[in-house]
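Inspection log for the structure reproduced underneath, given as structure tokens.
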Number of protein chains: 2
Amino acid sequence: MGRKRIPTIHDVARLAGVSTGTVSRALNARSGVHPVTRQRVMEAVNKLGYVPSVAARELAGRTEAVGVMVTPRVWKYSPYFILLFEALDEALWHEGYKLVEVPMSPSGEPLQPAAGYIVLGAHDHDPRLERMRQKHPNSVLVGVHSGMFWVAPDDPGGAYAATQHLLELGHRDVAHLGAAGQVGRERFEGYRQALTDYGVPYRPELVLNGAFTTLPAYRAVRRAWEGGLRFSGLFAASDEMALGAIAALEDLGLNVPHDVSVVGFDDLPDLERPLTTVRQEIPAIAKAAVALLKEATSHAPPRGVRVGVQLVVRDTTARRR
Amino acid sequence: MGRKRIPTIHDVARLAGVSTGTVSRALNARSGVHPVTRQRVMEAVNKLGYVPSVAARELAGRTEAVGVMVTPRVWKYSPYFILLFEALDEALWHEGYKLVEVPMSPSGEPLQPAAGYIVLGAHDHDPRLERMRQKHPNSVLVGVHSGMFWVAPDDPGGAYAATQHLLELGHRDVAHLGAAGQVGRERFEGYRQALTDYGVPYRPELVLNGAFTTLPAYRAVRRAWEGGLRFSGLFAASDEMALGAIAALEDLGLNVPHDVSVVGFDDLPDLERPLTTVRQEIPAIAKAAVALLKEATSHAPPRGVRVGVQLVVRDTTARRR
DNA sequence: CATAGATTTGTAAACGCTTACAAGATTCCA
DNA sequence: TGGAATCTTGTAAGCGTTTACAAATCTATG
């Protein structure tokens, strides 16, 4: 039983009874092929499990490179960004582009030319962002920045839902473990809004600060608690922070969720402990980014889109005792 | 000034005054082209800055896929593995292969066929490893496992050098912050050997355990110190652990390196603090893995290779007061 | 010095896809 | 109902490599 030959466009064409040119058009071109023909082609594609060869497609000149820039560089090493990267790769490939990682010069110039750019993780007041906006209208930001194309998860909404969840469980001393930057700020806003809507006074001392990673979160929570701060609910601005917070609380002899309920944000896979958290649809964000990129390259006026987000309740939250 | 056209093999051929076939052979085939011709071709290649098109090469059937399997999956999210991945990608590409990430089934079967496999991070007693060894002789492990091809950094040597460095700075109470698994064990052995060679008695209570990440390291060090354990030098089994340890020591009111000297392992880039550490040459490991893979596919008897490692002294270590 | 054998080179056919172009089929209107 | 205008389709020429195969050139030997 020899290795199954991978089906090519010719196999599809033969099975569908059309020419390869037609198959190609059916697959790529938005128009110019009769609906019933396209239907037949699609059936053949499915029956054969045909998937176009990236190499051939690229050789034939159809794939353009889009540059993904990560800034600051270190963010590349966080799970969230890795997942986003993978999702972008997939989404771009699906639209006939290929992802190339391009470094950003200190002045904010892409170090390699590309048909378009996707910028990841820039600080909102980073001057390089402004520069990108002006010099490269064919770029989209994953984040928020007016005047350019951007996609972002519904951070305020998610934070609101997380906080609301804690409030509805009866918690009144709800702390927030936050981080700097646009994202951190928006998640904080959602937290604060929920407090307001539920008539719980906002107490600034209840907002702790760390970075988006575990260790700073651990330290912030532990220091605060040892300093006498008390709360029965905690909304952490990321899953990693939530993990750090839980470790700290446990080291202090507390039980999660018995003594303190903790909510995270992101819903990262493979965590050491199942978290109540706000789920981001990373693939959806990637798809939206690519869709916007196509708009951007066709000189449409810039706009931003929010991708929905969803609370998922697991076992780090419980009703207040 | 139009976009510079990317030079193709034809340009090289013309400039060198030979045919494209010859250029191709000069570039790829080990033999079958006259030395002076090859020389001329190489000059043309350099002058033009020619780099072969991956797509074309792949289409023409020269590139085979090699599967990289990461196990357990979560390791994919650590900086070390990301760097290793990138290095492997580069090294494979250089040899005309392309990297595809292939998941490993629970039983230890690659979920996609490939011309060869590179296994990353498996526990040394993982039964799936044994299975790979038997059913897929065309695979190499990054790690140590007798009976199959493997590459690994010189962990014992590096650990020895790190510990030696501390000892030569006059430290006598040298602790070790270790981790489980083959790698952890080897680094521990290096530590212990250095102690012996320098006539410093080995004290089991001085070896702390954590995982390879910051938070467990922080907790282990803090708990130990609070429990009364004292040391003036610490060899951590990874840079991330070193960072965690330093944070813990500082939270305890100690100064690094003034009160305690800390050495890491890996030499990760972009760290928040420059560490005295043991540098791994990740690109060299990747190259070695690929070289071994070629051996493995030609049915050579399995062997392992160690890649050298180097102590780099920065400012987290100081002479004992 | 002729010639068999070995070595080096050129030629051209793939690889799987896209797309300009031309041809064929369909629609629409006078 | 004829023909122009519009849609849909097939044909074939690339895209940049590799590699069988054949041709040309060398080397060695008698």
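The values are calculated or read from the model by the stated rules, or taken from the named source; none is laboratory data. These figures come from a predicted structure and were not determined experimentally. For neighbour counting, all protein chains shown are included, and Cβ atoms are generated from backbone atoms with ideal geometry for every residue, glycine included. Note: areas computed on protein heavy atoms with side chains; ligands, DNA, RNA excluded. Shrake-Rupley method; radii C 1.70, N 1.55, O 1.52, S 1.80 Å.
Brief remarks follow.
- Computed over chain A: relative contact order in percent, which uses C-alpha pairs under 8 Å that are six or more apart: 17 percent
- All Cα pairs of region B:155-280, percent lying beyond 18 Å: 43 percent
- With every protein chain in place, region A:9-52: carbon and sulfur % of accessible area (1.4 Å): 53 percent
- Region B:1-121: relative contact order in percent, alpha carbon pairs under 8 Å with at least 6 residues between: 25 percent
- The base-10 log of I(q)/I(0) for region B:87-184, evaluated at q = 0.12, 0.13, 0.17, 0.18 Å⁻¹, reads -0.53, -0.60, -0.84, -0.90 [Debye formula, identical scatterers on Cα atoms, solvent excluded].
- Kirkwood Rh and Cα Rg combined as Rg over Rh, evaluated for region B:237-321: 1.19
- Amide H contacts under 5 Å for residue A:116: A:67, restricted to partners 5 or more places along the chain or on a different chain, H placed in the peptide plane at 1.01 Å from N.
- Cα centroid separation - region B:96-163 against region A:287-321, whole Å: 38 Å
- Per-residue [θ]222 nm for the protein assembly as shown (sum of -39500 (n - 2.57) over DSSP H runs n ≥ 4, rounded to 500): -13000 deg cm²/dmol
- Both radii are taken from the alpha-carbon atoms of the protein assembly as shown; with Rh as the Kirkwood radius, Rg/Rh is 1.00.
- Region A:155-280 - accessible surface per residue (Å², probe 1.4 Å): 35 Å²
- Shielded by partner chains, region A:247-273 residues - at least 40 Å² of accessible area, 1.4 Å probe, vs chain alone: A:251, A:270
- For region B:9-52, accessible area per residue (1.4 Å probe, heavy atoms of protein chains only), Å²: 62 Å²
- As a ratio to 2.2 N^0.38 Å, the alpha-carbon radius of gyration for region B:9-52 is 0.96.
- Accessible-area composition of region A:155-280, carbon plus sulfur, in percent [1.4 Å probe]: 49 percent
- Modelled spin labels at residue B:255 and residue B:226, positioned 7 Å past Cα toward Cβ, are 2.5 nm from each other.
- 19 Å Cα-Cα threshold exceeded, pairs from B:47/B:287; A:98/A:294; A:287/B:98; B:135/B:294: B:47/B:287; A:287/B:98
- According to the Cα-based calculation, Rg over Rh for chain B is 1.08, with Rh computed by the Kirkwood formula.
- Amide hydrogen neighbours beyond the local backbone of residue B:312, cut-off 5 Å, H modeled: B:277, B:278, B:279
- Counting from the shortest, the label point at residue A:297, 7 Å from Cα toward Cβ, is 3.3 nm from the same position in each remaining copy.
- Shortest first, residue A:90 label-point distances to identical copies amount to 2.8 nm, with the label point at 7 Å from Cα along Cα→Cβ.
- Shielded by partner chains, region B:175-219 residues - at least 20 Å² of accessible area, 1.4 Å probe, vs chain alone: B:214, B:215, B:218, B:219
- FRET efficiency for residue B:100 and residue B:319, using Cβ-Cβ distance with R0 set to 45 Å, rounded to 0.05: 0.35
- For region A:23-137, with +1 on Lys and Arg beta carbons and -1 on Asp and Glu, the positive-most of A:134, A:96, A:41 along the dipole: A:41
- Sorted largest first, the spans of the alpha carbon positions of region B:1-133 along the three principal axes are 56, 39, 22 Å.
- A/B buried area, accessible surface, summed, 1.4 Å probe, Å²: 2200 Å²
- Members of region B:40-79 that become less accessible by 10 Å² or more once partner protein chains are added (1.4 angstrom probe, chain alone as reference): B:55, B:56, B:58, B:59, B:73, B:74, B:76, B:77, B:79
- Label distances, nm, residue A:319 versus same residue in remaining copies, Cβ-directed 7 Å point: 6.7
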